[in-house]
Amino acid sequence: MKCMYCGCTESKVIDSRSTDEGRTIRRRRECIQCGRRFTTYETIETTPVLVVKNGGNRQAFDPNKIKNGIIKACEKRPVSMSKIDKLVDDIKKRVYNSLEQEISSKQIGEMVMDGLKEIDEVAYVRYASVYRQFTDISSFMHELERMMNEDKNKKEEKPE
């Protein structure tokens, strides 16, 4: 690390601390040549992931947009913020762990719906109604029937 005062490339680390919820390391350094101290920050370099929208345009992946949509779906439901944060973190990990530079908004929407189905079925239906753009009552009923059949199949598979 180059000293900002004298330009020397030799320094020693005096103190290291984790900041930003463990995503950044703050290091206090002392220059070997001039003895002055300075602070550096070390962060993980992430490659940006682009979300490919239905129309073909692309925008940067933003977990806050996912979180806002989930919060809206869970409004007035008994779903804690910690469950919402965990779902957003799980989706974020899946997106970054895919090692792809682009992901479709459809894939992200399916991840959200899968997670919401486990957390709260009403929130799932709310999200799905907007995401899948239910245009009439029959498409809405079709989705409810599909959910009920899945639930029925799960109960039949479990031995009591």
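The values are calculated or read from the model by the stated rules, or taken from the named source; none is laboratory data. Since this is a predicted model, take the numbers as computed values, not measurements. Neighbour counts run over all protein chains shown; Cβ positions are idealised from the backbone, glycine included. Just the protein is used for accessible areas: all its heavy atoms, side chains included, with ligands, DNA and RNA removed. Shrake-Rupley method; radii C 1.70, N 1.55, O 1.52, S 1.80 Å.
Brief remarks follow.
- Förster radius 35 Å - calculated FRET efficiency between Ser104 and Thr24 (Cβ-Cβ, nearest 0.05): 0.70
- Note on the range 1-45: with neighbouring protein chains present and a 1.4 Å probe, carbon and sulfur make up 43 percent of its accessible heavy-atom surface.
- Using C-alpha pairs under 8 Å with a sequence gap of at least 6, the mean separation divided by the residue count of the chain gives a relative contact order of 15 percent.
- Anchor Lys155: lysines whose Cα lies under 25 Å away (excluding residues fewer than 8 positions away in-chain): Lys83, Lys117
- Sparse-neighbour loop sites [GluC sites (Glu not before Pro); the range 58-108; at most 14 other C-beta within 10 Å; DSSP]: Glu75, Glu100
- Where trypsin sites (Lys or Arg not before Pro) fall in DSSP loop in the range 17-89, at most 16 other Cβ within 10 Å: Arg23, Arg36, Lys53, Lys76
- Links that overshoot a 24 Å alpha carbon limit, given the list Lys53/Lys93; Lys67/Lys106; Lys76/Lys106; Lys67/Lys93: Lys76/Lys106
- Eigen-decomposition of the gyration tensor built on the alpha-carbon atoms of the chain gives equivalent ellipsoid semi-axes of 48, 18, 13 angstrom, largest listed first.
- Once the 1.4 Å probe is applied to the protein heavy atoms, the range 1-121 comes out at 69 Å² accessible per residue.
- Note on the chain: GNM, Cα springs under 10 Å; of Thr39, Thr135, Thr47, the largest mean-square fluctuation is that of Thr39.
- The distance linking the range 105-123 with the range 31-66 is 26 Å (Cα centroid to Cα centroid, whole angstrom).
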